[in-house]
Amino acid sequence: MASKTLLVAQREYVENIRTKTFWIGIFIVPVLIGAAMGVGVLLQKFKEVQRYTVVDLGEEGLAEEAERKFRAADFTALFREIRKQSESGSLQEELRSLAATFEGVEEPEDITGEQQLALLNWTYNQPQAVRDRIEGLSTSQRYEYVDPDELGVEASDPAELRKALTKAVNDGDLFAYFVLGEDPATTLSDFQFICDNQTDDALRRAYQNTLTEIIRAKRIKEAGIRRKVAEHIQERVTFKKKKSTETGEDEDVEDEDVANQWAPIGFVYFLWIAIFSIANLLLTNTVEEKSNRIIEVLLSSVSPAQLMHGKIYGIAFTGMTIIGTWVVFALLAAWLAPSLLGDSGGSLNVLIAAISNTGYLMSFVLYFLGGYLLYAAVLVAIGSVCNTLKEAQNLMQPVMTLLMVPLIAMVFITQEPNGTVAKVLSFIPIYTPFTMMNRAAGPPETWEYIVTSALLVLTIWLTFKAAGKVFRVGVLMTGNPPKLREILGWLWKS
Amino acid sequence: MDLALKLEGVTKRFGAFTAVDDLSLAVPTGCIYGFLGQNGAGKTTTIRMVMSIFRQDQGSIQVLGHSDAADVKDRLGYLPEEKGLYKKMRTAEIVAYFGKLKGMDRATANLKAEELLKQYGLGDWLDKKCEAMSKGMGQKVQILGTIIHDPDLVILDEPFSGLDPVNRDVMRDTILQMKREGRTVIFSTHVMEQAEKLCDEMMMIHKGQLAFEGTVAQIKSGRDQGIRIEYDGDGAVLRQLPGVERVNDDNRAAELFLQPGHDPQDALRWLVDRLTIRSFDVREPSLHEVFVRTVEERDAVVAAAEEAN
């Protein structure tokens, strides 16, 4: 008898893997993820240079000083990176000698013009690949100061200059310009930033920080405070991020840890899509079998239970094939990425490491299976009482509404993986797969895994029972789909 | 007598509606048996119970000597009234699939499917998808799916509907072939001429109840004889024939029934004056007439009972 279930399952599987949708499903997701990652990196790389200028209304040469310091800040970042890379990383050899030139340099103002020149010379003598890596760090690659004269702006007074520059911003010749106040020593309230891009705030923030430091230094000097005292007073509290370990030692938080904490969101998202698109195959082909009446022939050979189970398992195999392929892709990516991308992978390597985390992948596969079986039973029951896809979609609506919850709670649960909301949702079987996947970075305690899984399995079993009853009656029904009350009646009666 | 199918007091209700009401009948092994009845009379429900798709509420059903039809599912073949195929499956695959579902092993089913399709003139269609086929071809494929496993009892629900005359002959020959091989064929139809010619025995179900059962001769015995004519002319005059009770006029042929005491010879004389009579025959009523009369009689009984209430 079981062999008939297997025959039905096998037919479903073969029919599905022959469709284009199946192959699109298998390949589109890895391609999309890869593309999304690649595009992110490329976007960073090809970000347009932001041209800016400064209108200095004061008379203390604040603009020039700021520009000098702004450049110096670039070198600071560069030299920090050089120092880090000279200790580890693929450019170790090349950078070690250079790092020596910066011996004793701690603060931006400590970098001398000589050192800047040395750095620039060294950079220009490097092969392109190395330069790409180094220059990507430099703010000077992203922001470019343009003298108003270069823009062809001629103005006799500041008001006119500003008008011309505003027009240049409007025309797109200039990304933005800054207006520095007349008397920075006493008031800072008339500083302005004229820009049409309200989303990319990096230039303003970087320039603002630089100016703040300059003005602060001036004021400290004017007040007659010794520099060391001032530095002492101004020192900021910075927490070094650490995380706990089992042994009681703490460890530094790396980029990998952050990526690991956020990765479950991606998994939940794909879990959701996979469960629904795959369980939906079941709904559509049940409706198809019903609407073209093949169901009656089938039922003359197999029992409704065999048919239903066969269909659910057949499509489960289809889904597992897709999911399995995704997992293989993720593992392949993790295996190949270091040699393909090298260190230039940077954040990409971190991301790939997060998505190929074995624990996540295992949760993903198992929760896919659990979630699929649960929803497959619901959808096959819905499909069995409908004669057209339209009717089925109407009946699907309440189900979909219920299912928006894990998506809405997704970010929240990621931030608080062991919070009350996360815990409560874990114990509601229809949300267990999504919530537990979402909490994987927590991670939840072992007993939670055991209890929620037991609840899930029990619910799947009950849902299969109920779906079997609905399927048996519904599948031969024609005419309007039954009311919910009637369906409940069938469950009760038999 | 060896029975392929035996129903005793079978009742099936859907909510308040009784689809089949205390139905008893016996289908001998190796005969061609007709299920007659109006649309919605309960034929399909009866068939579905026999196929163990539905379970009866009361009564017993014996199929091929087993009290539970589910035990012998693999020895039954069923062609439902509404015929459908998987659109995306290939012709040979689907026929073989039906065979496998009936317990045939893979290799035998594949081989037999190909053989049957070739034998029925669909050799060029083995690898084509079902959606590409015409309705008639699709129906052929379905019938092959029904008989691929050499079932001992085949139930065909409206097997002739939608078929052209050539394919009707193919279908008829298939049914006859099965009878020759000692299998039992039950089929339902609305075409009385066909049932009359093809069936060894038949039954009629009306509003869920058995109206009659037996051989054609048994069913017709005791019914008034009728006059069958073939004619040319305006058939409207038929209704003016003195002493006429009922007229089944088919435009160029008709079946007439006279009130008791009227002589068919007088009728012939009267008709010859008004129409060109090509043939004239006095004989037992057609199955069509029996069917229509049965519906009328039974409805009249029900109406009278309701009035009495």
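Nothing in this text is a laboratory measurement; each read-out follows from the coordinates by a stated rule. Note that the structure is a prediction, hence the values are computed from the model and not measured. Glycine gets a Cβ as well: all are built from the backbone with ideal geometry, and neighbour counts include every protein chain shown.
Structure notes:
- About the centre of its Cα atoms, chain B shows a dipole size close to 1180 debye [charges on the beta carbon of Lys, Arg (+1) and Asp, Glu (-1) only; nearest 20 debye].
- Filtered trypsin sites (Lys or Arg not before Pro), segment A:175-270: DSSP coil and at most 12 other beta carbons within 10 Å: A:226, A:236, A:240, A:241
- The mean sequence separation of alpha-carbon pairs under 8 Å and at least six residues apart, normalised by the residue count of chain B, gives a relative contact order of 19 percent.
- For residue B:11 and residue B:38, the FRET efficiency from 1/(1 + (r/R0)^6), where r spans their Cβ atoms and R0 equals 22 Å, is about 0.70.
- The Cα atoms of segment B:3-220 cover 47, 34, 33 Å along the three principal axes, with the biggest extent listed first.
- Between residue B:304 and residue A:196, the distance separating the two model label sites (each 7 Å from Cα on the Cα→Cβ line) works out to 9.5 nm.
- With the largest listed first and rounded to whole Å, the semi-axes of the equivalent ellipsoid of segment B:226-283 from the Cα gyration tensor are 16, 11, 11.
- With both labels modelled 7 Å from their Cα along Cα-to-Cβ, the residue A:421 to residue A:189 distance reads 4.1 nm.
- Residue A:257/residue B:150 FRET efficiency (R0 60 Å; Cβ-Cβ; nearest 0.05): 0.30
- Residue pairs, from the table B:100/B:128; B:100/B:129; B:73/B:118, whose Cα atoms sit over 22 Å apart: B:73/B:118
- In the protein assembly as shown, the DSSP-assigned H stretches of four residues or longer account for a calculated mean residue ellipticity at 222 nm of -18500 deg cm²/dmol, using -39500 (n - 2.57) per stretch and the full residue count as denominator.
- Take each peptide in A:293-304, A:355-366, A:142-153, count the other Cβ atoms within 10 Å of every residue, and average; sorted highest first, the result is A:293-304, A:355-366, A:142-153.
- 12 Å Cα-Cα reach of residue A:218 towards aspartates and glutamates, excluding residues that sit fewer than 8 places from it in its own chain: A:60, A:65
- The per residue volume of the convex hull around the alpha-carbon atoms of segment B:1-124 is 148 Å³.
- Label-to-label distance, nm, for residues given as residue A:208 and residue A:484 (7 Å Cα→Cβ offset): 5.1
- Alpha-carbon centroids, segment B:277-302 and segment A:395-441: separation in whole Å: 70
- Among the GluC sites (Glu not before Pro) in segment B:122-214, those placed in a DSSP loop whose Cβ has at most 13 other Cβ atoms within 10 Å are B:181.
- Three principal axis lengths of the protein assembly as shown [C-alpha, angstrom, descending]: 142, 66, 59
- Cβ-based exposure ranking for A:434, A:178, B:187, in which fewest neighbours within 10 Å come first: A:178, B:187, A:434
- Neighbour counting of Cβ atoms within 10 Å sorts the residues B:307, A:391, fewest neighbours leading, into B:307, A:391.
- Prolate/oblate/rounded call for segment A:280-380, Cα gyration tensor, a/c under 1.5 rounded: prolate
- Extended-chain gain in nm, criterion 0.36 nm per residue less alpha-carbon gap, residue A:231 and residue A:247: 2.0 nm
- Orientation-averaged projected area, Cα convex hull of segment A:342-471 (nm²): 9.8
- Set of lysines with alpha-carbon distance to residue A:221 below 27 Å, sequence-local pairs under 8 removed: A:69
- Set A:243/A:423; A:311/B:43; A:469/B:179; A:4/B:140 screened for pairs whose C-alpha atoms are more than 32 Å apart: A:469/B:179
- At most 15 other Cβ within 10 Å, DSSP loop - trypsin sites (Lys or Arg not before Pro), segment B:102-192: B:128
- Counting Cβ atoms of other protein chains within 10 Å of each residue's Cβ and taking the mean over peptide A:299-310 gives 4.
- Here residue B:29 and residue B:169 are evaluated by their C-beta separation; at R0 = 22 Å the FRET efficiency comes out at 0.30.
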